[in-house]
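What follows is a single structure, written as structure tokens, with notes after it.
The values are calculated or read from the model by the stated rules, or taken from the named source; none is laboratory data. On a predicted model such as this, the values are computed, not experimentally measured, just so you know. Note: ideal-geometry Cβ built from the backbone for every residue, glycine included; neighbour counts use all protein chains shown. Surface accessibility is based on the protein's heavy atoms, side chains included, excluding ligands, DNA and RNA. Shrake-Rupley method; radii C 1.70, N 1.55, O 1.52, S 1.80 Å.
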Amino acid sequence: MRFKHLAALAASSLVFILAACGSSDDDTPVVAPTPVPVTTTTISGSAVKGPVSGATVTVKNAATGAVLGTTTTAVGGAYSLGVPFTGDVVVEVNGGTYTDEATGATTPLATPLRVVLNANGGSVTGVVTPLTTMAYTFAFNSGAPITNAAFQTQAQGLAGQFGLTGVNLATTMPQTTGTLNAYGESLRGLSRYMADNNRTLATITNSV
């Protein structure tokens, strides 16, 4: 009898231990992984060949071409949007209309305008013009990787050729109406040349 009681006690103890272990496993809280915070960069500026109204602005990852966000330019060419990204981006402007600086005619934007920026997680300025587009084409038409550093090197050289030494083409706003600044004068001169020689921005950038 004594052995039967000991066996029953041992069996009862084993059941209790197993139940306790099972209960412990079931009560262990599941800890969800901590989400990686997304950093948003606000990009704002203007599209100017005079001011381009009603154009589509697309921001792309410079390395992959993935679209990060889109918006539309206002009547004066201004735009602003936030993108959940940090790193080099391409701002591309398509469509819309502008008042030609040289002829005064309302003209559809036939050639996309582009600029390359570094989205730094704060607020950055991106002015998109024929000159930034020329710098973009000169820098990357050969298939070179698209980077802000390479764009800036080309843009600085191009600015110097247009007598705009020290002007950052990607962040300086051209004044194309009223009292023109030097950047606006350069855009008007380029527009005059295009009108007089029946050239387009695409033919100029692809032939130089």
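Worth a mention:
- For the chain, fraction of C-alpha pairs farther apart than 26 Å, in %: 44
- Viscosity 1.002 mPa s, temperature 20 °C, Stokes-Einstein D of the range 31-92 from Kirkwood C-alpha radius, µm²/s: 168
- Positive-pole candidate from Ala102, Val89, Ala195, dipole of the chain, charges at beta carbon: Val89
- Amide proton proximity set for Asn181, modelled H, under 5 Å, gap of 5+: Gln175
- Cα-based radius of gyration of the range 58-151 once divided by 2.2 N^0.38 Å, which approximates compact folds: 1.11
- Where the chain is the region considered: accessible area per residue in Å², 1.4 Å probe: 53
- Cα long-axis angle, helix 130-140 against the chain (0 to 90 degrees, to the nearest 10): 60
- To the nearest ten degrees, helix 148-161 and the longest principal axis of the Cα atoms of the chain are 10 degrees apart.
- In this simple spin-label approximation, Ala32 and Ala102 carry label points 7 Å from Cα along the Cα→Cβ vector, and these lie 6.0 nm apart.
- Asn181-Thr203 FRET efficiency (beta carbon distance; Förster radius 25 Å; 0.05 resolution): 0.40
- Charge dipole of the chain about the Cα centre (unit charges at C-beta), most positive-ward option of Ala63, Ala150, Phe162: Ala63
- A protection proxy built from the mean count of other Cβ atoms within 10 Å ranks the segments 79-91, 172-184, most packed first, as 79-91, 172-184.
- Remark: the Asn141-Thr70 segment gains 23.2 nm on full extension, using 0.36 nm per residue and subtracting the alpha carbon distance.
- Principal-axis analysis of the Cα atoms of the chain puts helix 182-196 at an angle of about 60° to the longest axis.
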